[in-house]
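Every number in this text was worked out from the coordinates using simple rules, so none of it is lab data. Note that this is a predicted model, so its numbers are computed, not measured. Positions of Cβ are generated from backbone atoms using ideal geometry, with glycine treated the same way; all protein chains shown enter the neighbour counts.
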Amino acid sequence: MGYKINSTWTQIHKNDIEELNSIIDDEYCNELEIGRKLNLMKKIKRSFDEELNSFNFDTVLKFMNDNNWEWINYDDISKYEIPTKERIIKYLKNVLKHGMYHIIELKEKSYQVFSGGIVFGIDITDNDVCVSIYFDIAHFVKD
């Protein structure tokens with residue numbers, strides 16, 4: 001799976017590329033990288049579950065209902081509706097997946113998304129993972 005030696009430049013650097021390929025293709029190194037990613041994924045999911053369990057859906061949904069706070073209905077984009085708890089959870093699981101990609105695969109240290117009043121974030125500091133979920137009404141303007 002390593003780098004191909006298929007150009008003049010790569011031919012000039014053949015020995016270094018072959019050494020790099022031996023590192024890239026090393027089974028032990030690959031397993032270490034997979035293990036690192038699995039460990040990080042588990043930490044993110046654990047933090048997400050804790051944050052989701054402490055999220056006060058009742059208060060958020062009451063505010064949304066009281067203020068007619070609607071989201072687009074992705075099953076029928078011509079409609080807007082106040083989301084249900086299940087819809088919010090589905091949205092959060094979707095952004096969790098995208099966030100894990102940014103953190104695990106792209107090796108970013110933080111990921112944030114804000115949509116529909118919901119603020120979602122993943123932050124990595126050293127070996128600690130913090131997932132945050134909250135409802136932001138700071139910019140709410142009632143008609």
In whole angstrom, largest first, the equivalent ellipsoid semi-axes that the Cα gyration tensor gives for the chain are 44, 18, 12
With only Lys, Arg, Asp and Glu charged, each at its Cβ (+1 for the first two, -1 for the last two), find how big the charge dipole of the range 8-135 is about the Cα centre; round to the nearest 20 debye.
-> 460
Which longest run of the chain has no exposed loop site in it, a site being trypsin sites (Lys or Arg not before Pro) in a DSSP loop with at most 16 other beta carbons within 10 Å, and the site itself not part of the run?
-> 5-78
Once normalised by the length of the chain, the mean sequence separation of its alpha carbon contacts under 8 Å that are 6 or more apart gives a contact order in percent of 18
In terms of Cα to Cα distance under 27 Å, which lysines are near enough to LYS43, apart from those fewer than 8 places away along the same chain?
-> LYS85, LYS90, LYS93, LYS97, LYS107, LYS109
Filtering GluC sites (Glu not before Pro) in the range 1-70 by DSSP loop and by at most 13 other Cβ atoms within 10 Å leaves GLU70
Rounded to the nearest 10 degrees, the helix 27-54 long axis (Cα) sits at an angle to the longest Cα principal axis of the chain of 10
Hey, if you put +1 on the Cβ of every Lys and Arg and -1 on every Asp and Glu Cβ in the chain, which of LEU92, GLY35, ASN21 ends up farthest toward the positive end of that dipole?
-> LEU92
So for the range 1-60, Kirkwood radius off the Cα pairs, Stokes-Einstein at 10 °C and 1.306 mPa s: how many µm² s⁻¹?
-> 106
